[in-house]
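S.K.: Here it is, the structure in full.
The values are calculated or read from the model by the stated rules, or taken from the named source; none is laboratory data. Since we're looking at a predicted model, the values are computed, not measured. With ideal geometry, Cβ positions are generated from the backbone for all residues, glycine too; neighbour counts draw on all protein chains shown. Ligands, DNA and RNA are excluded from the accessible area calculation, which covers all protein heavy atoms including side chains. Shrake-Rupley method; radii C 1.70, N 1.55, O 1.52, S 1.80 Å.
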Amino acid sequence: MHTIKRSMLVVTLLAGWLGSQEREALGIEQKIDALLSRMTFAEKIGQMTQFSGTDARKEEQIRAGAIGSLLNVIGAAENNRLQKIAVEESRLKIPLIIGNDVIHGYRTIFPIPLAWSASWDTALIRQAARIAAKEARAVGIHWTFAPMVDIARDPRWGRIAEGAGEDPFLGAAIARSLVCGFQGSSLADPQALLACAKHYVAYGGAEGGRDYNTVDISERTLREIYLPPFEAAVRAGAGSLMSAFNEIGGIPASANPLTLRQILKGEWAFTGFVVSDWNSIGELLNHGLAANRIEAGRQSLIAGVDMDMEGLCFTPELEEFVKSGALPEKYVDDAVRRILRMKYRLGLFENPYTDPELSKNVLMQADHLAAARELARRSIVLLKNEKNILPLNLENLKTIAVIGPLADDNNAPLGTWRCQGRPEDVVTVLSGLRQRLAGKVKLLSAKGCDIQKAGQAHFQSAIEKVRQSDVVIMVLGEGAEMSGEAACRSELGLPGEQLNLLRRVAETGKPIVLVLMNGRPLVLSAVEPLATAIVETWHLGVQHGNAVADVLCGDYNPSGKLTVSFPRSVGQIPVYYNHKNTGRPANPGSKYNSKYLDVDNSPLYPFGYGNSYTRFEYSGLKIANTRLQTSEDLRVSVSVKNVGKQAGTEVVQLYVQDLVASVTRPVRELKGFQRVTLSAGQQETVTLRVPVTQLGCYDINLQYRVEPGEFRVYVGGDSRAELSATFNVVAAQ
Ligand code: BGC
């Protein structure tokens, strides 16, 4: 008691010297101290327990203080009802924290994350998260299981749809904007959601691209490729992280002291809490790490997981381990402290409820839809545009055939994790075009075939419509359920009969504009020669059809750039731009080097690639200071000119290669980018700055160091950029 009083005195004295934020933080810690001292062991474990949905038994547990968090509860009234049990009927009146997968929108569904990453527009992505937070918080959700910041180099893995692609630098930038977007400037803001960076960590490294599969990577790859977006999320203030399903080199991510206790809570000084993924603690039994759930709970807790999602592993029986000394109680107290800290910061003790009327004026507002349309059109990537067939020359077109199983599909555009998104809110490609072209061009439409099912019975009627038209828009690809969790594929071509349909349409000789809808890179080698233009539209959310009409009709000049490589064949996977050079880089003229007999090493479409209706030329690359100390910034300027006939936006990309280092380095790595909009004929000098501290690597002892020596910088419109110059980093004097 005396020690508590004395420490309170110190705290009060300290408070006099501190700023308001620090004072608030100290105040929260004091409240937690007071609360913790009143909690039984079972109540502590209750705070560390999360379940999905509700029933009479769970409600009794909330009343008993045995559940501190719920997920998947729908609607303001229901959230308030359950909150009331916690706040008014439990002994300590600690509010619930209610989570949900608000991934790319709550009711106003935005493009899937892989799609919106192709906009490279961190400000607009942040705004999308802001809107999602506003809608979700209005119905009483406090916490989103987003952003998903897993780097993915394998398009067979269905969850590639949920992240920002293959690059750690871009992934980190997008992670930051999503955390800031969801959480706003303060978690206490009634329009903020607590963010949860997931799935910690290396989940995307699954062998064979098969979900939940084994991951075996070096600590170097872990630190260089998979950790940076998580670190960025933590530095941006993410209040929680989710521990993943996979193992990493023999140690499951949900019982991994290196990644959780040492790196996250030690090196990064993370003050939020870690929730397990769904039963990922319970799955330690399948991993063969624990013989029973309680033992699994003990291992995870010691490793650094604070809350158990649907695992039945954090139970009051853990007290036996505390008594025997097998579980230091400090880990339990620390976990509870972290969870309570976020409940306080969210203002849940003062404002546990939401206003049930609020959501009526918040969901699907006009400005939300406008932002969804803007982000959707910026996410579209123009992969091919032969003979400048796009934008459609509406003056000369009388009839357009819109063909394919996805042309009028209002489900696929919602993509994976659509939260409360509804198919009836979706503008399909056909309806978007109809609206845009009404009274101007005649549209004929036909499905032609199903997305996945066999059967060519409807080919003929589709072909008849094609014959009557001047140009064909084919809308092909994957349904929503073909990407996302547990949706991996071993073949990445167009599913079902779609390629056959495309072939039949191509035989008519009509020009084909192929509009692709998919949640991952597809292998398009067989498809590419058949289409005059290819427009990658992913799953773009409720405004899908309007965004596609904007691009096809030239109301928006496409500016999206791929954030993941499109392989030429499945056998090339993994194929990514920031690979190593190897001791024997590919040399087509000779035999004994690193290549295939039957396919080039390069992807069909590389990272950073995307066309526009105009063209940009780069020249005059200059480095302001070619001898740099580690404390300085590399400053690179380049002149970018719009040499086409219309305004457009270019994503200027900067890549760096460390030419000689103490460990092998990638052939190039993205270190900067900027979107620039130029009118026809306009030229602008773009300057990009890279702190030299970001040019380091993990040396042979896994210490991060910037090594003196020569580097090469490349600037251009995709990862094959050729314009380059060199500079030197010099040792500190
Ligand atoms: C997924 C997570 C998700 C969680 C809760 C899990 O199956 O892996 O991404 O947040 O379910 O819905």
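S.K.: Starting from the Cα coordinates of segment 156-274, work out the convex hull volume and express it per residue in Å³. Mind dumping the intermediate values first?
M.R.: Details: hull volume 11.5 nm³, N = 119.
Each residue corresponds to 96 Å³ of Cα convex hull volume.
S.K.: For a Förster distance of 51 Å, can you work out the FRET efficiency between the beta-carbons of S637 and N72, rounded to the nearest 0.05? The partial results should precede the final answer.
M.R.: Working: r = 51 Å, r/R0 = 0.99.
That pair, S637 with N72, gives E of 0.50.
S.K.: Skipping prolines and chain starts, which residues have an amide H placed within reach, meaning under 5 Å, of the one on S445, given they are 5 or more residues away or on another chain?
M.R.: V402
S.K.: In the chain, what percent of the accessible surface is made up of carbon and sulfur (1.4 Å probe, ligands and nucleic acids excluded)?
M.R.: Details: 13790 of 28090 Å².
In the chain, the share of accessible area belonging to carbon and sulfur is 49 percent.
S.K.: Measuring with a 1.4 Å probe in the full set of protein chains, what accessible area per residue, in whole Å², belongs to segment 616-729? Don't skip to the end; give the middle numbers.
M.R.: Details: 5160 Å² over 114 residues.
About 45 Å² of surface per residue is accessible.
S.K.: Cross-link candidates for K330: which lysines have Cα within less than 28 Å, leaving aside residues fewer than 8 places away along the same chain?
M.R.: K5, K31, K44, K58, K93, K198, K265, K343
S.K.: Another question about this same structure. Not counting ligands, DNA or RNA, and with a 1.4 Å probe, what is L222's accessible surface area in Å² rounded to the nearest 10?
M.R.: Approximately 10 Å² for this residue.
S.K.: Something else about it: With a point put 7 Å past each Cα toward its Cβ, work out how far L394 is from A647 in nm, to one decimal.
M.R.: That separation, rounded to one decimal, is 1.8 nm.
S.K.: At a Cα cut-off below 19 Å, give the aspartates and glutamates reachable from K641, other chains included and same-chain residues fewer than 8 away excluded.
M.R.: Of all the aspartates and glutamates, those that pass the test against K641 - Cα under 19 Å, at least 8 places apart if same chain - are E617, E650, E684, D718, E722.
S.K.: Using modelled backbone amide H atoms (1.01 Å from N, in-plane), which distant-in-sequence or interchain residues come within less than 5 Å of D633's amide H?
M.R.: Excluding prolines and chain starts, which carry no amide H, the hits are V692.
S.K.: Averaging sequence separations of C-alpha pairs under 8 Å and six or more residues apart, then dividing by the length of the chain, give the relative contact order as a whole percent. Walk me through the intermediate numbers first.
M.R.: Working: 1781 pairs, mean separation 90.9, N = 733.
In percent, rounded to a whole number, it is 12.
S.K.: Right, here's the next one. What nm distance separates the two modelled labels at Q694 and E89, each placed 7 Å from Cα along Cα→Cβ?
M.R.: Each label point lies 7 Å from its Cα, and together they span 5.2 nm.
S.K.: Here's something else I'd like to know. Taking +1 at the Cβ of each Lys and Arg and -1 at the Cβ of each Asp and Glu, which of C449, L430, L414 sits farthest along the dipole of segment 373-452 towards its positive end, judged by Cα position relative to the Cα centre?
M.R.: Working it through, the farthest residue towards the positive pole turns out to be L430.
S.K.: Enumerate the amide H contacts of G165 below 5 Å, restricted to partners 5 or more residues apart or on another chain; note that Pro and chain-start residues carry no placed amide H.
M.R.: Excluding prolines and chain starts, which carry no amide H, the hits are A152.
S.K.: To check my understanding: the extent here is largest minus smallest coordinate of the Cα atoms along each principal axis. What are those three numbers for segment 380-572, in Å, largest first?
M.R.: Rounded to whole Å, the extents work out to 45, 35, 32 Å.
S.K.: Evaluate the charge dipole of segment 616-729 about its Cα centre and quote only its size in Debye, nearest 20, assuming +1 on the Cβ of each Lys and Arg and -1 on the Cβ of each Asp and Glu. Working shown, then result.
M.R.: Working: 13 positive and 12 negative charges, 38 e Å.
Dipole of segment 616-729, to the nearest 20 debye: 180 debye.
S.K.: From zero outward in steps of 10 Å, how is the percent of C-alpha pairs of segment 547-646 spread across the bins?
M.R.: It works out to 12, 24, 28, 28, 8, 0, in whole percents.
S.K.: Counting pairs of alpha carbon atoms under 8 Å apart in space and at least six apart in sequence, what relative contact order in percent does segment 45-120 give? Kindly include the intermediate steps, with their values, before the conclusion.
M.R.: Working: 92 pairs, mean separation 20.0, N = 76.
Value for segment 45-120: 26 percent.
S.K.: Let me test this: with uniform point scatterers at the alpha carbons of the chain, what is the Debye-based log₁₀ I(q)/I(0) at q = 0.04, 0.06, 0.11 1/Å?
M.R.: -0.17, -0.38, -1.21
S.K.: Over segment 461-528, what is the relative contact order in percent, taking alpha-carbon pairs closer than 8 angstrom and at least six residues apart? Display every interim value, and only then the final one.
M.R.: Details: 72 pairs, mean separation 34.1, N = 68.
Normalised by residue count, the contact order of segment 461-528 is 50 percent.
S.K.: Does anything in segment 149-186 have its amide N under 17 Å from the 7 Å Cα→Cβ label point of N351, and if so which residues?
M.R.: 182-186
S.K.: With charges set only on the Cβ (+1 for Lys and Arg, -1 for Asp and Glu), what does the dipole of the chain come to about its Cα centre, in debye to the nearest 20?
M.R.: On the way: 80 positive and 78 negative charges, 252 e Å.
Here the size comes out at about 1200 debye.
S.K.: For an R0 of 25 angstrom, estimate the FRET efficiency from the Cβ-Cβ distance between R38 and D189 and round to the nearest 0.05. Each step should come with its number before you reach the end.
M.R.: On the way: r = 29 Å, r/R0 = 1.16.
The calculated FRET efficiency here is 0.30.
S.K.: Residue farthest toward the positive end of the dipole of the chain, with Cβ of Lys/Arg at +1 and Asp/Glu at -1: which of Q299, T214, Y344?
M.R.: Farthest along the dipole direction, towards plus: Y344.
S.K.: Can you show me the helix-derived [θ] at 222 nm for the chain, built from DSSP H runs with n ≥ 4 at -39,500 (n - 2.57) apiece and divided by the number of residues, rounded to the nearest 500.
M.R.: Values: 18 runs with 193 residues, N = 733.
My calculation for the chain gives -8000 deg cm²/dmol from helical runs alone.
S.K.: Dipole magnitude of segment 43-99 about its Cα centre, charges +1 at Lys/Arg Cβ and -1 at Asp/Glu Cβ only, in debye to the nearest 20? Intermediate values should be presented prior to the final figure.
M.R.: Working: 8 positive and 7 negative charges, 25 e Å.
Rounded to the nearest 20 debye, it is 120 debye.
S.K.: Heavy atoms only, probe 1.4 angstrom, no DNA, RNA or ligands counted: give me C180, C196 ranked by accessible area, highest first.
M.R.: Working: C180 40, C196 0 Å².
Ranking C180, C196 by accessible area, largest first, yields C180, C196.
S.K.: Divide the volume of the convex hull of the Cα atoms of segment 43-99 by its number of residues and quote the answer in cubic angstrom per residue.
M.R.: Working: hull volume 3.6 nm³, N = 57.
Given the Cα convex hull of segment 43-99, per-residue volume reads 62 Å³.
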